[in-house]
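One structure is given below, encoded as C-alpha cells.
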Amino acid sequence: MSQRRVVITGLGAVTPLGNTVEETWAGIRAGKSGAGPITLFDAADYPVKIAAEVKDFSLDTYGIDHKLIRKMARFTRFLTAACIQAVRDAGYDDVSFGEDNSGIVTGIGIGGYDAIESGFKKYFDPNFGVNRIPPLTAPMMLENEAAANVSMLLGIHGPVWTLSTACASGTDSLGLAMDMIRSGRIDVCLGSGTEACITGFSIGCFQVLQALAPNFNDCPEKASRPFDKNRNGFVMAEGSAVLVLEELEHARKRGAHIYAELAGCGSSSDAYHITAPAPDGTYGALCIERALKDAGVKPEDVQYYNAHGTSTQANDVTETKMIKLAFGGHASKMKISSTKSMTGHMIGAAGVIEALFCVKAINDSFFPPTINLDEPDIEGGCDLDYVPNKGVEGRIDVAASASLGFGGHNGCVIIKRYEE
C-alpha cells in the first residue's frame, strides 16, 4: 500500500523580523538582523545585553478576549497568533479547523520562563511569600499550556501534544505530526514550535554556560555570525512558527493551496554529551541520511540545506562535518545557509521557522543568505558554500532543514516542490 503523502497548506509566524510570514520573509530576503538591545528586562549588569526580541506584538488584533490573553504566558501568545495565521492561510476559519480530523504538535525547548520568574520573585520576596504567588503560575509555566490553549481556541479534539528535545524540538514536532498523518490517525495537523525565554534568569543561565555572544553589545546586528572565524556564541531569540500539514487527498478535496510537500524526516541521538555535539558528526549525518531515505531522495537531489548554524564554535564545525558525511561530494555543490544569522536562535521554534523558510525558498526560487559571514572559518573546516551575506536566485526542488539539540538530539526534515 502506498504511503499517504503530506503537504503544507498554511503558514504562520511571529519572529524578531516581523509578526507575520510576509514581514519575516521580507526580512530574510533583505538580509536583515532581528537582534538588538534587550528591552524585556534590565540587562545593564549582564555581560550579554542583546537578544532577538519579538517587537510590537499584541494578540488583541486577533479578536481574542483580553481576559483570556492575560491568562497566557508569552510563549503561548506567540503560538496562538501563529496558529491563527496558519489555519486562516490554509483556508480554514477559527471553527472549521477543529471540525476536521485534526491535531497539533508543538515543539518547546524551555517554556514559560516569564511565569516561573514572576512566581519566584513573589515567593522569595519577604514582603510577599508563598501566599502571594500569582494563582495561574502553575498552568502558565507548563510546556503543554501553549498547545492546550490553541486546542481550546480552535476546537481541536485530536492529539494535542507537546514535544521537547531542546533545540531540535521544532523539527521533531514536524516529523511527529507528519507521521500521525501518514498513519491515518488524523488528516491535518499543526506542526509548530514556540519559545519566549528572553528573561533575566534564562539569559543569565546561557551566558554563564558561555553559549551566548558577549562581544557585540554595541553592534547586535553583527553578533550572530555562523561559520565565521570571529563567531563566539548565539543570539537568544523568541517567537513561533506553524505549518499546516495535511494529507494530500484531504487537501485536494477542499481545494487548498499547496505550498510544498513535507516528504521525509529523520532523527538520531549522539549519546555523547549533555551540551556539546559529538565532534565527528557521525550521528548528525545519520539523522540526515535517514531523512533522505524516508523522503525517497538522493543526496544529489538536494539544492538547499538550511543549517542549524548557531554561531557557536562547536556547532558550526561539527555541522559542516555532518553535511560532508551525509552528502559526500555533493556537499560542495549545494547551497547552505544559517537563517539564525538573521532571526537569532528561537530554540524550540527554530526548526519550524527554518522549515518555513525552506518552503518560501522553494516557492520564491531564492537561497537565503548567511549574514555576517565576513571571514569563513576555513581553518576549522567551514569551507562550503554558505551563501555569504547576500541571498541568490535559483531553482530549488528539494530542501533539507536540520536541528541539533542539547542532549545530542538531532532532527532533519526534507521539503520538496509539490508535484502532482
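The values are calculated or read from the model by the stated rules, or taken from the named source; none is laboratory data. These numbers were taken from a predicted model, which means no experiment stands behind them. Using ideal geometry, Cβ is built from the backbone for each residue, glycine included, and neighbour counts are taken over all protein chains shown. Note: accessible area is taken over every heavy atom of the protein model, side chains too, but ligands, DNA and RNA are not part of it. Shrake-Rupley method; radii C 1.70, N 1.55, O 1.52, S 1.80 Å.
Aspartates and glutamates within cross-link reach of Lys298: Cα-Cα under 15 Å, excluding same-chain residues under 8 positions apart?
Within reach: Glu289, Asp397.
Got a sec to turn the phi values of region 265-271 into Karplus ³J(HN,Hα) couplings, 6.51 cos²θ - 1.76 cosθ + 1.60 with θ = phi - 60°, whole Hz, x for Gly and Pro?
With the stated coefficients, region 265-271 comes to 8, x, 8, 7, 10, 5, 6 Hz.
From the helices alone, meaning DSSP H stretches of at least four residues, give me the mean residue ellipticity at 222 nm for the chain, per-run term -39500 (n - 2.57), in deg cm²/dmol to the nearest 500.
About -9500 deg cm²/dmol.
Non-local amide H neighbours of Leu163 (under 5 Å, H modeled in plane, Pro and chain starts lacking H): which ones?
Those qualifying (amide H under 5 Å, at least 5 residues apart or on another chain) are Thr106, Gly107, Ile108.
Between Ala26, Ala237, Ala291, which gets the highest mean-square fluctuation from a Gaussian network model of the chain, Cα cutoff 10 Å?
Among Ala26, Ala237, Ala291, the largest mean-square fluctuation in the Gaussian network model of the chain belongs to Ala26.
Full extension from Leu68 to Gln210: what is 0.36 nm times the residue separation minus their Cα-Cα distance, to one decimal in nm?
Extra length from Leu68 to Gln210 when fully extended: 47.4 nm.
Using θ = phi - 60° and the Karplus relation 6.51 cos²θ - 1.76 cosθ + 1.60, list the HN-Hα couplings for region 185-198 in order, rounded to whole Hz, with x at every Gly or Pro.
Once θ is set to phi - 60°, the couplings for region 185-198 become 5, 9, 9, 8, 8, 8, x, 9, x, 7, 7, 8, 10, 8 Hz.
Can you tell which of Gly91, Tyr123, Leu154 lies farthest toward the positive end of the dipole of region 85-199, using +1 and -1 charges on the Cβ of basic and acidic side chains (Lys, Arg; Asp, Glu)?
So the residue we want is Tyr123.
In whole Å, what is the distance between the alpha-carbon centres of region 76-139 and region 273-332?
So the separation of the two Cα centres works out to 33 Å.
Can you list the residues, at least 5 places off or on another chain, whose amide H is less than 5 Å from the amide H of Gly10, using H built in the peptide plane?
The answer is Val244.
Using heavy-atom solvent-accessible surface (probe 1.4 Å) with all chains present, what is the largest-first order of Ile347, Ile258?
Sorted by accessible area, descending: Ile258, Ile347.
What residues qualify as long-range amide H neighbours of Gln303, i.e. H under 5 Å apart, gap of 5 or more or another chain, H built at 1.01 Å from N?
Asp397, Val398
For each pair in Lys49/Lys122; Lys253/Lys333; Lys71/Lys416; Lys55/Lys229, compute the distance between the two Cα atoms and list the pairs where it is over 32 Å.
Over 32 Å Cα-Cα: Lys253/Lys333; Lys71/Lys416.
Please report, in Å, the Rg and the Dmax of the chain, where both are computed over Cα atoms only.
That works out to 20.1, 66 Å for Rg and Dmax.
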